[in-house]
Amino acid sequence: MASSNGNYALIQVVEHKSKSNKKEFIQNFESIGSAVLYGICSTSMAFANKTVITSYQFDFPFFIMACQMMLCIIFLEGLRIYNVVYIPKYSLKLGQSFLWPSVFYALHAISALYALGGMSIPMYVAVKRCAPIVTLILSVVILKKNVPSMKIILAVTLISFGCILAGFGDIEFEMRAYTYGAVSVLVQGLYLTLAQKSLEEMSALLVLYISCYNTIPLFVFIGLFYEGQSIIKFEKFSDSGFLLCFFIQVVTGVLLNYSLFLCTAKNSALTTSLVGVLKSVLQTTIGFFTFGGVEFNSLNIFGISLNMLGGIMYTYTKYMEKFK
């Protein structure tokens, strides 16, 4: 409605601009906050696992994963019941539609914990950085994707060659831990490749929800019958330090899964991968000086540096290709 009062029109424009700025600020805060949360949770997770498994010698990965899945289900069910997010109620039919990815998800989680128990964090990060290689190969073989560019192939070669060099330079090389690490990378690639098909029809949060329900019977069953007696004999349940670290480990595991999907939703999968590279650099740096540190030698340091360079190059190239 027209008005002869110029001040009135001016006030309306300023008010609208103020609301627009406020909305933009909230959106930026959510985007940056979700990325920071994912980075913190992802960086903390390896150290939390390492503390519980190595420092307190609580090497029971099935029991640990069962606790994380239980807490995750409680968290997601709460969000679903109070309509914070829309997730259809779990059913056997829904679980069956995502059965094989869930199986590989469970194998990945367990083998990663076993691997972390026998190698330093810098070496663990170097091995895990090979996951995109497996995913890349499987996407071409299974999903019939196009062969990647030469820059991507070069980055993948650097990652692989750097990991091999670092392994040869690892003075405390433990074959069992490296075998679990290789298995973890392989099944993670299978999980991500199979999940990629489902993510075209399902939300990322729904995939996490189904995976928790599908895998918890396996974790509980094997945890009780394979680890039950050893857990009962564990002597540090009265240790407040252990209980605090175990609680942080379980909660961080749940937050990591949630922050991963939150970061992807508020930003993009590309932003999530960029945060992943930054946190892996931080994990590697801190890992050199924690939990006994790493025995420095030129081959080991050169291999890890080459591996890290390849990871950065891979992410940057993917970003530029996506941008174009």
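The values are calculated or read from the model by the stated rules, or taken from the named source; none is laboratory data. This is a predicted model, so every value here is computed, not measured. Methodologically, a virtual Cβ is constructed for each residue, glycine included, from the backbone with ideal geometry; neighbour enumeration extends over all protein chains shown. To get the accessible areas, we keep the full protein, side chains included, count just its heavy atoms, and leave off ligands, DNA and RNA. Shrake-Rupley method; radii C 1.70, N 1.55, O 1.52, S 1.80 Å.
The table for this structure:
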| item | result |
| --- | --- |
| Unmet criterion (only one of (1) open to solvent by 30 Å² or more (accessible area, probe 1.4 Å); (2) under 30 Å from Gly95 (Cβ atoms)) for Leu116 | (1) |
| Residue ID - modelled with the highest pLDDT, chosen from residues in the stretch 224-247 that are more than 18 Å from Tyr114 (Cα to Cα), small (Gly, Ala, Ser) and open to solvent by 30 Å² or more (accessible area, probe 1.4 Å) | Ser240 |
| Selection count, the stretch 125-155, where residues are open to solvent by 60 Å² or more (accessible area, probe 1.4 Å) and either at pLDDT 80 or above or assigned to a helix (DSSP H, G or I) (or both) | 6 |
| Some residue of the stretch 215-223 being out of contact with any Pro (no Cβ under 8 Å at 6 or more places or on another chain), at pLDDT below 90, part of a helix (DSSP H, G or I) and among the small types (Gly, Ala, Ser) | yes |
| Pair list, Cβ < 8 Å and 6+ apart or interchain, from the stretch 207-236 residues that are over 27 Å from Lys93 (Cβ atoms) to residues that are open to solvent by 50 Å² or more (accessible area, probe 1.4 Å) and part of a helix (DSSP H, G or I) | Glu227/Phe63; Ile231/Phe63 |
| The lone exception for Ala265 - which of (1) open to solvent by 60 Å² or more (accessible area, probe 1.4 Å); (2) under 28 Å from Val85 (Cβ atoms); (3) modelled with pLDDT of 80 or more it fails | (3) |
| Whichever residue in the stretch 64-110 is outside any helix (DSSP H, G or I) and of a type in the set (A, V, I, L, M, F, W, C) and, among such residues, is most open to solvent (accessible area, probe 1.4 Å) | Val84 |
| Close pairs from the stretch 121-146: first more than 18 Å from Ala109 (Cβ to Cβ) and without any contact (Cβ under 8 Å) to a residue 12 or more places away in the chain, partner assigned to a helix (DSSP H, G or I) and of a type in the set (A, V, I, L, M), Cβ under 8 Å, at least 6 apart | Asn146/Val140 |
| Output for the stretch 156-185, where each listed residue is among the small types (Gly, Ala, Ser) and either modelled with pLDDT of 80 or more or open to solvent by 60 Å² or more (accessible area, probe 1.4 Å) (or both) | Ala177, Gly181, Ala182, Ser184 |
